[in-house]
Every structure is written in C-alpha cells, then in structure tokens.
Amino acid sequence: MLVTCEHGGNSIPARYRRWFQSAASALRSHRGYDPGSLQLAHRFARAFHAPLMEETRSRLLIELNRSLGHPRLFSEFSRKLPEEMQAELLEQIYHPYREQVRKQIRSQIGTGLKKKKVLHLSVHSFTPVMRGKTRRTDIGLLFDPARPLEIEFAAIWKRTLQRHLPGWAIHFNLPYRGISDGFTTALRKEFSDDNYAGIELEVNQKFVDAGSRRWKNLQDSIVSSVGDVLNR
C-alpha cells in the first residue's frame, strides 16, 4: 500500500505571501485544503505501515492533483506570480512530489517475474455544499471503471464500508468522476492494471471535526474497513 495526501494543509511559504494577502478566506475554506485528509492519511499509514507522501502547502499555491497545462494548476492568486516563480513552484514542489510517488510505486511493484500489486490510496475530503447544492454523498470511492483491479477493490471496499457504516451514502465516482484529470489518472497511464490500483477516497467534510469522538470513530471505521478487505 501507498498513501498520499495532496491537499493536506493550507500554508503559504513567506516568499509567496505578498500575492496571497487577499486569500485568507479562501485558504481557510475547502479551496485552500482538504480538512481532515491529512489526519486520515496518517491513520492509514500507521495502521498498515505504509509509506506516506503528503503536501501541506496550499493547493492555491500549486495544485498537485492537476496535470501540466490544466487551467487550475495555478489559482487566481498564484497566476499573478512572475513566470520564474511559477517555474520555481513546478521545480521545487510539483515535480518532486509526483516523482517521489512514482518512485515509490516502481519500488513496490519491483521487477522481473516477482512483480507485486500496489494499492495507492489518495486521501481527500470534499465540501458538503458546492455552488449552493448540497451533496448527498458521505463517502466517495473514485476509480477507473475500465480497470478490473480497481473495480474489484472498490466493490469489495464499498460492501465492507456499508457493514461498518450502515445507512451511510457510500458512492462510486462521486462527488467527482474517477477518470477526471488527477494524479491517479496520470499514474494509470504509466502503470498497468496488473500492478497498480489507484483509488481516491473522498470523505464529506461535514463529518470532519478535529478532536471530536464522531470524527475519530469515522476514521476508525474507514481504516478498519480497508484492513478487512486486505485480510480477505
């Protein structure tokens, strides 16, 4: 297993802060980071002794879950940066993060006749209301419906989650499509279905309340459900 958290924090390094003077509200919101995602990612990594790659600088600085050339790779704030500073973000944050993950996947798969299967859990959370519309999903499992290994894992995981969390709205490829532009989508082009399964976990932020018993219990259930799947 490999765990990643692309939107774990909302910090802005001092070098770039003058361009973010009007961004305080955006940085505190879901636009700045995914609340709860880093805490849950750490829980996965500890429970399964899995490598964890995390980023705690804000997605408004540079969006690690978007491809080069995507219109939201840079936000309305970072698009104002001089070109050389945007290039700096690519060279110092974007490319190193992505290459670190690729390197870990290659290492875990191995070579020759003893290649292994890698489960990549990309941990995210989402805002309960988007553009005035309340989302009905509690937990989303995002995957590529053309890749059998991901279909199999997602199907078993959903059934297991439903046992742990009866009555919860657990949906496939909601609130986003699993094949939309994203890091797992890019990695699928590099690693075959025989060896790589990239699953994005999306948890509704209405359940995220740091330190609360409810949020801790939810994390327990989600992590335990993966353990049940892997121990089948």
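The values are calculated or read from the model by the stated rules, or taken from the named source; none is laboratory data. Predicted model only: the values in this text are computed from it and were never measured. Using ideal geometry, Cβ is built from the backbone for each residue, glycine included, and neighbour counts are taken over all protein chains shown.
Scanning region 25-68 for residues that are surrounded by 17 or more Cβ atoms within 10 Å (Cβ to Cβ) and of a type in the set (S, T, N, Q) yields Ser37, Gln39, Ser58, Asn65. The residues on offer are Ser224, Ser180, Ser212, Ser192, and the sole one that is of a type in the set (S, T, N, Q), surrounded by fewer than 16 Cβ atoms within 10 Å (Cβ to Cβ) and in contact with a strand residue (DSSP E or B) (Cβ under 9 Å, 6 or more places away or on another chain) is Ser180. Taking the conditions exactly as written (modelled with pLDDT of 95 or more, in a loop (DSSP other than H, G, I, E, B) and farther than 23 Å from Gln100 by Cβ), does Glu63 satisfy them or not? Criteria not met by Glu63.
Number of residues in region 147-180 that are free of Cβ contacts under 8 Å to residues at least 24 places away in the same chain and over 20 Å from Asp228 (Cα atoms): the value is 1. Remark: pairs (first residue in region 75-86, hydrophobic (A, V, I, L, M, F, W, C); second residue surrounded by fewer than 17 Cβ atoms within 10 Å (Cβ to Cβ); Cβ separation under 7 Å; 6+ apart in sequence or on different chains) are absent.
Scanning region 1-38 for residues that are within 21 Å of Val226 (Cβ to Cβ) and more than 12 Å from the chain's Cα centre (by Cα) gives a single hit, Met1. Just name the residue that is surrounded by the most Cβ atoms within 10 Å (Cβ to Cβ) out of those in region 163-175 that are within 21 Å of the chain's Cα centre (by Cα) and over 18 Å from Lys206 (Cβ atoms). For region 163-175, the residue satisfying everything is Asn173.
Among the residues of region 77-100, is there at least one that is of a type in the set (Val, Ile, Thr) and in a helix (DSSP H, G or I)?
Scanning region 77-100, I find at least one residue that is of a type in the set (Val, Ile, Thr) and in a helix (DSSP H, G or I), so the answer is yes.
Here's the yes/no breakdown for (1) part of a loop (DSSP other than H, G, I, E, B); (2) touching a Cys at 6+ places or on another chain (Cβ under 6 Å); (3) under 23 Å from Trp215 (Cα atoms):
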residue: Gln108; (1), (2), (3): no, no, no
residue: Lys116; (1), (2), (3): yes, no, no
residue: Leu119; (1), (2), (3): no, no, no
residue: Ser122; (1), (2), (3): no, no, yes
residue: Thr137; (1), (2), (3): yes, no, yes
residue: Ala146; (1), (2), (3): yes, no, no
residue: Glu152; (1), (2), (3): no, no, no
residue: Trp168; (1), (2), (3): yes, no, yes
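Just to be sure before I move on: is Arg232 surrounded by 20 or more Cβ atoms within 10 Å (Cβ to Cβ) and either farther than 19 Å from Tyr33 by Cα or touching a strand residue (DSSP E or B) at 6+ places or on another chain (Cβ under 7 Å) (or both) in the structure I sent?
It is false that Arg232 is surrounded by 20 or more Cβ atoms within 10 Å (Cβ to Cβ) and either farther than 19 Å from Tyr33 by Cα or touching a strand residue (DSSP E or B) at 6+ places or on another chain (Cβ under 7 Å) (or both).
May I ask you to list the residues in region 1-33 that are touching a Gly at 6+ places or on another chain (Cβ under 7 Å) and outside any helix (DSSP H, G or I)?
Once the filter is applied, which keeps residues that are touching a Gly at 6+ places or on another chain (Cβ under 7 Å) and outside any helix (DSSP H, G or I), region 1-33 yields Asn10, Tyr33.
May I ask you to verify whether Leu81 is modelled with pLDDT of 95 or more, hydrophobic (A, V, I, L, M, F, W, C) and either farther than 19 Å from Asp181 by Cα or in contact with a helix residue (DSSP H, G or I) (Cβ under 6 Å, 6 or more places away or on another chain) (or both)? Taking the combined requirement at face value, the residue satisfies it.
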